[in-house]
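A short write-up of the structure that comes next.
The values are calculated or read from the model by the stated rules, or taken from the named source; none is laboratory data. A quick note: this is a predicted structure, and the numbers were derived from the prediction, not measured. All Cβ positions, even for glycine, are placed from backbone atoms using ideal geometry, and neighbour counts span all protein chains on display.
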Amino acid sequence: MKKVVLRRQKMGDQGTFGVLEVDGLEFVTGELPWRDNARGKSCIPAGTYVVRWSPSGKYGMKYQLQAVPGRSHILIHAANHVGDEDKGLKAQVDGCLALGTEIGVLDGQMAVRNSKHSVATFEDHMGRQPFELTIVDEYLEAGNPGENLA
């Protein structure tokens, strides 16, 4: 089973942003801000998860993280905005992971860019086979509780 690593580097109201690495390929990532693992409001806890190619009602077949504590239906799918909707920001995820080629500003908010292409590239590279995903909160390891991306 392939090993994939996601290093979260910045977190704030506009989202949690990092880099996902597999076999020398890198993608930027966007997730909701950390909100105590609240369903539909938060990114998931850092840790190691098995990820399987699975059916999802809204997105068709997508990679889905397995055995996420207190959560279900956590997908890897295309999205741009990952902000805290309770603070008036846009979000196109409900706790899932978005992939892209860069982080930029879209509609006045930090966003993941080139997401559809990146997700397709990732899915093709992974061959729709299961893999192990390890998520590390580097912003915490550096002693930084997160940047204010409000």
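Things to note:
- A search for C-beta distances below 9 Å between a residue of the stretch 54-71 that is under 17 Å from PHE122 (Cα atoms) and in contact (Cβ under 8 Å) with a residue 12 or more places away in the chain and any residue that is of a type in the set (D, E, K, R) and not in a strand (DSSP E or B), counting only pairs 6+ apart in sequence or on different chains, returns MET61/GLU123; MET61/ARG128; LYS62/GLU123; TYR63/GLU123; TYR63/ARG128; LEU65/ARG71.
- When SER72 is tested against (1) closer than 18 Å to ASP23 by Cβ; (2) surrounded by fewer than 21 Cβ atoms within 10 Å (Cβ to Cβ), exactly one condition is not met: (1).
- Some residue of the stretch 88-106 being assigned to a loop (DSSP other than H, G, I, E, B), surrounded by 14 or more Cβ atoms within 10 Å (Cβ to Cβ) and hydroxyl-bearing (Ser, Thr, Tyr): yes
- Residue within the stretch 107-125 that is at pLDDT 95 or above, of a type in the set (Ser, Thr, Tyr) and buried (at least 21 other Cβ atoms within 10 Å of the Cβ) present: yes
Yes/no matrix, rows are residues, columns are (1) crowded, with 21+ Cβ neighbours inside 10 Å; (2) on the phi > 0 side of the Ramachandran plot; (3) assigned to a loop (DSSP other than H, G, I, E, B):
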position: VAL5; (1), (2), (3): no, no, no
position: GLN9; (1), (2), (3): no, no, no
position: GLU26; (1), (2), (3): no, no, no
position: GLY30; (1), (2), (3): yes, no, no
position: PRO33; (1), (2), (3): yes, no, yes
position: SER42; (1), (2), (3): no, no, yes
position: PRO55; (1), (2), (3): no, no, no
